[in-house]
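The values are calculated or read from the model by the stated rules, or taken from the named source; none is laboratory data. Since the model is a prediction, treat every value here as computed from it, not as a measurement. Using ideal geometry, Cβ is built from the backbone for each residue, glycine included, and neighbour counts are taken over all protein chains shown.
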Amino acid sequence: MQSSQRYITYSVLSFGLWLLLIPAVLSAQGFNWQYSARFPTESPTLFVGVHGAYSPYGQNTTRLQHQEILSSRDTCFCAEFKNARGQEWRIGIMAEQWLEAGNIALFGALQFQYQSETFIAPGDSLKGRIINRPTLVTEYVFEHIAQQVSLEVGAKYKFYPLPLFFALGVSFGYSDTAQRNSRVFERVSALSAGSYNYPERPIPDTKFIIFPWTASATARLGADVPLAKGLYASPALFATWQFRGVRPELYSSSAEIWSRWSLGLHIALLLGL
């Protein structure tokens, strides 16, 4: 009788342990992809798909001295651009290769990025010397748009049996439009009185040299959500730190670091091969 009880107890414990271990054996991602326990199928380890991301908030930091040649041939150090806000869109293709450990994957992504930033620096305060003319306060604006292609590689760790994961990646990007898609202009930021239409003053001879290459590091925290057999989505929050070089003047030998960090939402849709 006691031996029968011990056998039953051993069988129950063995079955429970088997239930706990079988998901990790059958699937590297913690998902059981098989149709039936009677007809097991090999779990895929390579997944490919598409991904996209949006960042509504990007903070830029650099040090760009804007200079102008006055009519008197003197040089005016008119403004210094230091900080900017921006946003970003990303879209591309992605692949994840899960290792034998079961909760670690290596990934790569080829993506297109659209970034826009606006720097604003205080300008001049010009008092009107004619009665009923307002006092003008101006500001300088530096607008920049980068359309670049980047390649990202990294690793992903899954907190099995939870669907949560943490990923780190590094990427290198190139933009052949970084120099062309930028402009500097002066505009009126405040009027003391009156209502006048003052147009923007474009500054065509600004000589900022923006380097085309960027280097970035990205951290993601998200979850893998199974949608169908061999198909899952990976929504995540991300933070990216990006660095680019820029020279304030055409003939300046010193370069400044243009750093940019952004927060946003990333989502990937991956299918097993």
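It is to be established whether one or more residues within the range 175-182 are modelled with pLDDT under 95, surrounded by fewer than 15 Cβ atoms within 10 Å (Cβ to Cβ), more than 24 Å from G58 (Cα to Cα) and not acidic (D, E). Looking through the range 175-182, none of the residues is modelled with pLDDT under 95, surrounded by fewer than 15 Cβ atoms within 10 Å (Cβ to Cβ), more than 24 Å from G58 (Cα to Cα) and not acidic (D, E). The set of residues in the range 53-93 that are at pLDDT 95 or above, surrounded by fewer than 21 Cβ atoms within 10 Å (Cβ to Cβ) and of a type in the set (A, V, I, L, M) comprises I91, I93. Applying the criterion of being closer than 27 Å to Q147 by Cβ and among the β-branched types (V, I, T) to the residues of the range 223-273, the residue that is farthest from the chain's Cα centre (by Cα) is V246. With respect to (1) in contact with a Phe, Trp or Tyr (Cβ under 6 Å, 6 or more places away or on another chain); (2) without any contact (Cβ under 8 Å) to a residue 60 or more places away in the chain; (3) under 20 Å from R90 (Cβ atoms), the lone exception for G245 is condition (3).
Output the number of the condition that A239 fails; it satisfies all remaining conditions of (1) within 15 Å of A53 (Cβ to Cβ); (2) in contact with a Phe, Trp or Tyr (Cβ under 6 Å, 6 or more places away or on another chain). All conditions pass for A239, except number (2). Being farther than 23 Å from S259 by Cα and at pLDDT 90 or above holds for only one residue in F107, F112, and it is F107.
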